[in-house]
1. Which of the residues spanning region 59-84 are in a loop (DSSP other than H, G, I, E, B) and either touching an Asp or Glu at 6+ places or on another chain (Cβ under 8 Å) or within 16 Å of ligand 1 (Cβ to nearest atom) (or both)?
2. Please go through (1) of a type in the set (Ser, Thr, Tyr); (2) over 24 Å from Gly108 (Cα atoms); (3) within 16 Å of ligand 1 (Cβ to nearest atom) for Ser329 and return the number of the only condition it doesn't satisfy.
3. Only one of these conditions is not met by Tyr101: (1) within 16 Å of ligand 2 (Cβ to nearest atom); (2) hydroxyl-bearing (Ser, Thr, Tyr); (3) at pLDDT 95 or above. Which number is it?
4. Do you know which of the residues in region 247-260 that are of a type outside the set (Gly, Ala, Ser) and surrounded by fewer than 24 Cβ atoms within 10 Å (Cβ to Cβ) is farthest from ligand 1 (Cβ to nearest atom)?
5. Tell me, please, whether a residue that is within 12 Å of Ala134 (Cβ to Cβ) and surrounded by fewer than 24 Cβ atoms within 10 Å (Cβ to Cβ) can be found in region 152-161.
6. As an exercise: evaluate Phe235 against (1) in a helix (DSSP H, G or I); (2) within 15 Å of ligand 1 (Cβ to nearest atom); (3) surrounded by 21 or more Cβ atoms within 10 Å (Cβ to Cβ) and give the number of the one condition it does not meet.
7. Within region 107-132, can you find the residues that are in a helix (DSSP H, G or I), away from ligand 1 (no atom under 13 Å from the Cβ) and surrounded by fewer than 20 Cβ atoms within 10 Å (Cβ to Cβ)?
Amino acid sequence: MIARDNPAPLDGLAIGASLATLDAIAGYGGVADGALGWRDGVLAYVGPRSALPASAMAEAREVIDLGGGWITPGLVDCHTHLVFAGDRASEFEQRLKGTSYESIAKAGGGILSTVEATRAASEDELLAASLPRARALRDDGVTTLEIKSGYGLDLDNERKMLRAAHRIGGELGITVRTTFLGAHALPPEYVGRSDGYIDAVCDWLPRLHAEGLVDAVDAFCEGIGFTPAQTRRVFETARALGLPVKLHADQLSDLGGAALAAEFGGLSADHVEHTSSTGVRAMADNGTVAVLLPGAFHVLRETRLPPLDEFRAQDVPMAIATDCNPGTSPLQSLRLAMSLACTHFQLTPEEALRGATVNAARALGLQDRGVLRVGARADFVHWTISHPAELCYWLGGDLAAKVYANGTRLL
Ligand code: DI6
Ligand code: FE
């Protein structure tokens, strides 16, 4: 539990709270009356306070007595589109009157209306519009955040989005991982030429990657998005660059997206409401995480559930994310996504917490976080709760009392 080879004093030591370490195959990994110590941004003690060497307490640079509550790993939101300009509240009203998401998209609204607003914004304006959403997530416990491009749909505007996303990490002190989603929608200038657009996407990807702006590659494989054959071309370009892939797969129909993502060793297949047994099997065989997005399910009032029991039976790890976007999931709390996953998908609160920490880290290819373990990054949250299930039980509320990333207090 303690790194005994390092006698240097701890930079910080938190006591007086219980720990949900998640450092086991199942269960919260609960430690009553725990202690958490860190040094150089990395956890150096995780365990019961009673087992803490007396010298560690005496020598720590700072000892924080939390006076109750629980500490969990910092939450990881592994699927968002939170960099965008404008909003789609009027589309929300249209949908409530009975117009479908797909028909709005086909009429040139939907994603394309956000593309128009995002193209018109400067990088600074985009940052200013997006920062409050990221801050809301962080202040509710998120210390690692994935952000996709996909509302620029040309080289300069995709670059602008990815740069704005990077700046969010610096502004808020959290880790931001960027995903290139050039294959999100067909921009107006390519109408009738979707294969030509995919050529362009495959041309931009190496350039953006060379600028250090891309951690992973995604596509919208759907009737209103791109075909499996087009998605495959994007993935082949990613593979040639050594970039991991993930996919918006089987959200509105089953095009075999999950199996395609798995075939490319994908980090994750996301949405997956319509994924078949073959798709689940392929994910299990390739270690592809199922990212559940109950915010979009809720907002679109979907009824088709992801194959949850099959994921469980085949040991496919399930992650949960907000999918924060202006159309289908204007959701600014990962805790609320966890709650929706419990209510709509009948996940247990323990599965939901695992889905927003350790499994979400895996969906981003990050092994150094998502658990409280010696050697992991010192990203953690102190919550004013008496049981971890409360993280899913309360809808909203101000539960995150302290948020630390890399051993630095952010909130
Ligand atoms: N699936 C989604 O949930 C988002 N993109 C996608 O491919 C929705 C994006 C939007 O409607 O703006
Ligand atoms: Fe999405």
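1. If the condition is that a residue be in a loop (DSSP other than H, G, I, E, B) and either touching an Asp or Glu at 6+ places or on another chain (Cβ under 8 Å) or within 16 Å of ligand 1 (Cβ to nearest atom) (or both), then Ala60, Arg61, Glu62, Gly74, Cys78, His79, Thr80, His81, Leu82, Val83, Phe84 are the ones that fit.
2. So Ser329 meets the others, but not (2).
3. All conditions pass for Tyr101, except number (3).
4. Asp254
5. No: zero hits.
6. With respect to (1) in a helix (DSSP H, G or I); (2) within 15 Å of ligand 1 (Cβ to nearest atom); (3) surrounded by 21 or more Cβ atoms within 10 Å (Cβ to Cβ), Phe235 is out only on (2).
7. Selection gives Arg119, Ala120, Glu123, Asp124, Glu125, Ala128, Ala129, Leu131, Pro132.
Residues are listed down the side, and each one gets a yes or a no for (1) more than 15 Å from ligand 1 (Cβ to nearest atom); (2) under 22 Å from Ala216 (Cα atoms); (3) over 17 Å from the mean Cα position of the chain (by Cα); (4) not in a loop (DSSP other than H, G, I, E, B):
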| site | (1), (2), (3), (4) |
| --- | --- |
| Gly242 | yes, yes, yes, no |
| Ala262 | yes, yes, yes, yes |
| His274 | no, no, yes, no |
| Gly279 | yes, yes, yes, yes |
| Ala282 | yes, yes, yes, yes |
| Gly295 | no, no, no, yes |
| His298 | no, no, yes, yes |
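The values are calculated or read from the model by the stated rules, or taken from the named source; none is laboratory data. Note that the structure is predicted; figures quoted are calculated from it, not measured. Here Cβ is always computed from backbone atoms with ideal geometry, including for glycine, and neighbour counts include all displayed protein chains.
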